[in-house]
Amino acid sequence: MTAHHVLSDIVEKTYDIISVGLKVDRDKIVPQARFVDDLGADSLDQVELVMAIEEEFEVEIPESDAEKFLCVQDVLDYIHNKKIVN
């Protein structure tokens, strides 16, 4: 799988997780969307999203890293970097 396909797969799966988890239309999910301000997430939502992302991508996300996820792009970058390293 090429790097482009890996990134595309990460984006698609992450958007699906966010859409279902936050009950928002997929078209509202863009890389710069902020979880709290734009997508209406609260702290419990954010914890549940991190858990779903860990399960989907088979990665462990330390709380110190998860706290840095302010927008969708933060998550995409993190997962992409984890997948490249592994």
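The values are calculated or read from the model by the stated rules, or taken from the named source; none is laboratory data. Values in this document were obtained by computation on a predicted structure and should not be read as measured data. Every residue, glycine as well, gets a Cβ built from its backbone with ideal geometry; the counts of neighbours run over all protein chains shown.
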Among the numbered criteria (1) in contact with a helix residue (DSSP H, G or I) (Cβ under 6 Å, 6 or more places away or on another chain); (2) within 15 Å of residue 13 (Cβ to Cβ); (3) surrounded by 17 or more Cβ atoms within 10 Å (Cβ to Cβ), which single criterion is violated by residue 72? (1)
Can you tell which of 37, 16 is on the phi < 0 side of the Ramachandran plot and either surrounded by 13 or more Cβ atoms within 10 Å (Cβ to Cβ) or assigned to a helix (DSSP H, G or I) (or both)? 16
Condition check: touching a residue at least 40 places away in the same chain (Cβ under 8 Å) and part of a helix (DSSP H, G or I). Does residue 53 satisfy that? no
Selected residue (criterion: farthest from residue 68 (Cα to Cα)) from residues of the range 1-48 that are touching a Gly at 6+ places or on another chain (Cβ under 8 Å) and in contact (Cβ under 8 Å) with a residue 24 or more places away in the chain: 22
Of the residues in the range 19-34, those that are small (Gly, Ala, Ser) and assigned to a helix (DSSP H, G or I) number 2
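Only one of these is touching a Leu at 6+ places or on another chain (Cβ under 9 Å) and modelled with pLDDT of 95 or more: 7, 44, 76. Name it.
Working: 7 fails: modelled with pLDDT of 95 or more; 44 fails: touching a Leu at 6+ places or on another chain (Cβ under 9 Å).
Answer to the selection: 76.
What tally of residues in the range 18-56 results from selecting those that are among the hydroxyl-bearing types (Ser, Thr, Tyr) and in contact with a helix residue (DSSP H, G or I) (Cβ under 8 Å, 6 or more places away or on another chain)?
We begin by selecting, within the range 18-56, every residue among the hydroxyl-bearing types (Ser, Thr, Tyr); these are 19, 43.
Now restrict to residues that are in contact with a helix residue (DSSP H, G or I) (Cβ under 8 Å, 6 or more places away or on another chain): 19.
Residues in the range 18-56 being among the hydroxyl-bearing types (Ser, Thr, Tyr) and in contact with a helix residue (DSSP H, G or I) (Cβ under 8 Å, 6 or more places away or on another chain): 1 in total.
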Exactly one of these conditions fails for residue 56: (1) under 11 Å from the mean Cα position of the chain (by Cα); (2) surrounded by 15 or more Cβ atoms within 10 Å (Cβ to Cβ). Give me its number. (2)
Out of (1) surrounded by 13 or more Cβ atoms within 10 Å (Cβ to Cβ); (2) outside any helix (DSSP H, G or I), the odd one out for residue 48 is which? (2)
